[in-house]
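Structure in structure tokens, see below.
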Amino acid sequence: MKNKLLAVLCCLLFISQFLYSSANQKLYDANDDEYRKTVILCISSGVIGPSSATPVTGEELLIALDRVRTENLNSDLRAIFEETYSKVAGYDNSFSWEYNIDLTAQFFLTTDMLGKEGIIEDRRDFFLPYNEERPFLDLGVGFNFGSYVFVEGALPLLSGASPVGMNITSLDWIATYRNDGWITAWNQGPDLLSNIPVLARGSVGNKWINVIIGRTPHSMGSGFTGNLVISDNFLYQEVFDISLNSNFFSYDMSLTHFDTQTGLESFKKESFGGKHQTRIVHRFDFNIADKARIVLNFGSTYYADSAWDFRFFTPFMIAHNYYNNSNDLNIVNDYDEANNIGSIEIEWTIIPKLSVSMQAVMDQFLLPWETNGLPNALGLLANASWTETFGNSAARFWFEFLYTTPYLYLNEKYNVDENGNRTPNYNYDWILGYYRDSNRAPEINFSGHPFGPDTIAVAIGTNYDNYDGNYWIDGELIYKVQGEKGILNPTLDGGEGPYESTPSGIPAHTIELNAHAGWEFYDSLELFGGVSFAYHVNYKNHQDKNVFIPQMYLGLTYSPF
């Protein structure tokens, strides 16, 4: 009882400090208009953009907008700057609320949608990520309590990811065709409660410190195809995030709770009991003369009786020597129990309009004098972008390179036979997911880059926004080669040892052209869609299996309010 009273007292003291100095607590994600405009304005004026650890608060966007050198902007960008600054700063010391009701009819089309020939086996094979699929019905509401507290949530009717085949439309939650038969909401069909809410979050804080908690999109990094430590790969992430913010230095601690990596029915996402799979990342962000950013990330995944293991909350805790829950390298379970990862990020706005960034991640590293260590597990992502404006529109033209070694995001344990002989086996490490109901596939994906380990990729693309015509176009051309040690085969034994190069085994080559666009042609109507053309050589690492896969989606969203 004394401990509980002490905890309540600490919380009251903590909140009182928040109320001492108010600040804008509205939350913005990486794809929000205000965030994208802030990035464009910062780079166009020759300074670094806002924090790439999203979501960010309005106060964090204002910190970035205050860096903008307006003398380097043309008249059109100055008008965009004034509009954006006014809109972000518009959440004053009053109570306000907003809501939305969106109806979307969305259709998907690709070869072999039902997966009978193994070409499109599940939702992960489609070029539009499942977490970006729009629900048929989306009800959202947000409240701003002065400049101290912001909360929002969304209740969608969303088709769940199927273990076999593709979603056909956004109406799959009512009826869909699976395994040569129809499944409806009236006969053991989709469990709507397994997907809602996908957004339920709040932020409280002041000018210097804030806390975000709830279900939210979440990512860290300025990658265009993804990020190496935390990418926004899931329908939602259950996050507790505390950050200290200033123009010169920021610290962010992100804790995410995942239900399980395996989809076992003994793990119920509505339950608070049992074991917990948790990822925690400490992020140190240094601003160098408003021109460059250097970021250090230190992350751990751990499996314990409680997600609140306070040892991992200390930013200077060295987690390298912590052992897993079973204190044994024998593979008792299909999930990793304790591991850590570290990375460095560099962002540099070289001149106005030109920006470069780099991410280097280390999962495991073998020193020269170590002969019996784990294999090297490294990753590198680098990109460059040029920002250009055309009247009241802006575009970013970018190039990106990705390299991940075969054992990044994987971890070594052992298979043990009846004689006690141990055989190395590389299994899940930074691969995490949420358990769903029995009619749906578990949402398992990499916490880091969605291409996974054992990948070399190059990509070019553009992101275009027209603010007058209310339309946007995103396009990318990607070439990637992937070895066998990816998410499809996370239990392969070690091959050529700790210095095995990418790609391993039979390489799968892919070249794909993707395009997405949207047009708000009326106040309450938006037409959107996308197309993809991909040619695969040695498809999914099967020798001489070459396939061409065209894909597309088309949708219409009606927002009456």
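The values are calculated or read from the model by the stated rules, or taken from the named source; none is laboratory data. Quantities reported herein were computed from a predicted structural model and do not represent experimental measurements. No Cβ is skipped: glycine too gets one built from the backbone with ideal geometry, and neighbour counts run over all protein chains shown.
Filter the stretch 364-377 down to the residues that are closer than 16 Å to K485 by Cα and either in contact with an Asp or Glu (Cβ under 7 Å, 6 or more places away or on another chain) or at pLDDT below 70 (or both), then identify the one that is surrounded by the most Cβ atoms within 10 Å (Cβ to Cβ).
Filtering first and then ranking leaves A377.
Still on this model: Taking the stated definitions as given, is G433 modelled with pLDDT of 70 or more and of a type in the set (G, A, S)?
yes
With respect to D468, determine if the residue is acidic (D, E) and modelled with pLDDT under 90.
On the way: acidic (D, E): yes; modelled with pLDDT under 90: yes.
Yes: the conditions hold for D468.
Whether any residue in the stretch 108-124 is under 26 Å from G529 (Cα atoms), surrounded by 14 or more Cβ atoms within 10 Å (Cβ to Cβ), of a type in the set (D, E) and at pLDDT 90 or above is what I want to check.
no
Considering only the stretch 44-59, state which residues are touching a Pro at 6+ places or on another chain (Cβ under 8 Å) and hydroxyl-bearing (S, T, Y).
S44, S45, T54 - these are the residues of the stretch 44-59 that are touching a Pro at 6+ places or on another chain (Cβ under 8 Å) and hydroxyl-bearing (S, T, Y).
Could you please tell me which pairs satisfy a Cβ distance under 9 Å, a separation of 6+ or placement on different chains, a first residue in the stretch 284-303 that is free of Cβ contacts under 8 Å to residues at least 40 places away in the same chain and buried (at least 19 other Cβ atoms within 10 Å of the Cβ), and a second residue that is assigned to a strand (DSSP E or B) and among the basic types (K, R)?
Y302/R279
Residues checked against (1) at pLDDT 95 or above; (2) surrounded by 19 or more Cβ atoms within 10 Å (Cβ to Cβ); (3) part of a loop (DSSP other than H, G, I, E, B); (4) touching an Asp or Glu at 6+ places or on another chain (Cβ under 9 Å):
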site	(1), (2), (3), (4)
E71	no, no, no, no
I80	no, yes, no, no
T84	no, yes, no, yes
W97	no, no, no, no
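Mind listing just one residue for me: the one in the stretch 510-557 that is more than 26 Å from the chain's Cα centre (by Cα), within 17 Å of I119 (Cβ to Cβ) and among the aliphatic types (A, V, I, L, M) and, of those, modelled with the lowest pLDDT?
So the residue we want is V547.
Just need a number here: residues in the stretch 491-509 that are surrounded by fewer than 18 Cβ atoms within 10 Å (Cβ to Cβ) and either part of a strand (DSSP E or B) or at pLDDT 95 or above (or both).
Qualifying residue count for the region: 1.
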